[in-house]
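Asks: Below is a structure I'd like to ask you about.
The values are calculated or read from the model by the stated rules, or taken from the named source; none is laboratory data. No experiment lies behind these values; they were computed from the predicted model shown. All Cβ positions, even for glycine, are placed from backbone atoms using ideal geometry, and neighbour counts span all protein chains on display. When the accessible area is computed, the model is the full protein with side chains, heavy atoms only, and any ligands, DNA or RNA have been set aside. Shrake-Rupley method; radii C 1.70, N 1.55, O 1.52, S 1.80 Å.
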Amino acid sequence: MASKMSGLCAIYAKKREFRELQKDLLDDLTARGLISRPYMDKVEEYMGLWCLRRMLEEDIAARGVYVEYQNGANQRGTTDNKSVEKLVRVSSQMLSVWAALGFKEQAASAKPSDGDDDEL
C-alpha cells in the first residue's frame with residue numbers, strides 16, 4: 001500500500017514509524033476479517049492524513065504558533081499560523097477514520113490496565 005502513497009507523503013512512507021503503524025492497522029483489520037477494499041482504502045486515507053499531520057507539526061515547530069506577515073512597506077505584524085487550525089481538523093478527521101475502521105469500539109471494550117501486571 002505504501003507504493004500508492006505519492007507526492008509529499010512518499011517521504012514519510014519510507015519512515016519506520018509510518019510502516020509500523022500501517023502494518024499494525026492492516027494486521028488488526030486482517031485479524032478481524034476486514035480485508036475488503038473499502039477497509040484497505042480507509043487505511044490508506046488514514047495514512048495520508050497521518051503524513052499531513054506530520055507536515056503540519058513540522059511547520060508549527062519551524063515557524064511557531066504565530067507567523068510574521070508584511071502587507072506593504074509599513075504594514076507588519078503577526079498572525080496565527082494556519083497550520084495550527086488545520087492540524088486540529090486533520091486530527092479530527094483521523095479520529096473519524098479510526099472510528100470507521102472499528103478501532104474506537106475496540107479501544108472502548110479493551111480491559112483497562114490497573115498497573116498490577118507484574119504478578120508472580
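Asks: With the condition being polar (S, T, N, Q), I'd like the helices (runs of 4 or more DSSP H) fully within the stretch 17-120 carrying at least 1 qualifying residues.
Replies: 82-100, 103-109
Asks: May I ask you to list pairs of residues, at least six apart or on different chains, whose Cβ atoms are under 9 Å apart, with the first in the stretch 1-19 being among the aromatic types (Phe, Trp, Tyr) and the second being modelled with pLDDT under 75?
Replies: Listed by first residue and then by second, the contacts come to Tyr12/Met5; Phe18/Ala2; Phe18/Met5.
Asks: Could you tell me whether Gln22 is loosely packed, with under 15 Cβ neighbours inside 10 Å, free of Cβ contacts under 8 Å to residues at least 60 places away in the same chain and among the polar types (S, T, N, Q)?
Replies: no
Asks: Next question. List the number of the failed condition for Ile35; all other conditions in (1) modelled with pLDDT under 95; (2) within 19 Å of the chain's Cα centre (by Cα); (3) among the β-branched types (Val, Ile, Thr) hold.
Replies: (2)
Asks: I've got another one for you. Any residue at all in the stretch 71-90 that is of a type in the set (S, T, N, Q) and within 12 Å of the chain's Cα centre (by Cα)?
Replies: no
Asks: Pick from the stretch 85-120 the residues that are surrounded by 10 or more Cβ atoms within 10 Å (Cβ to Cβ), out of contact with any helix residue (DSSP H, G or I) (no Cβ under 7 Å at 6 or more places or on another chain) and within 20 Å of Asp24 (Cα to Cα): which of them is modelled with the lowest pLDDT?
Replies: For the stretch 85-120, the residue satisfying everything is Ala107.
Asks: Might you let me know whether the stretch 44-51 holds any residue that is of a type in the set (Ser, Thr, Tyr) and over 14 Å from Val97 (Cβ atoms)?
Replies: Checking the stretch 44-51: not a single residue is of a type in the set (Ser, Thr, Tyr) and over 14 Å from Val97 (Cβ atoms).
Asks: Can you name the residue in the stretch 1-19 that is modelled with pLDDT under 95 and open to solvent by less than 70 Å² (accessible area, probe 1.4 Å) and is also farthest from Ala110 (Cα to Cα) among such residues?
Replies: Gly7
Asks: Scan the stretch 65-77 and tell me whether some residue there is of a type in the set (Asp, Glu) and modelled with pLDDT under 95.
Replies: Yes; the residues of the stretch 65-77 include at least one that is of a type in the set (Asp, Glu) and modelled with pLDDT under 95.
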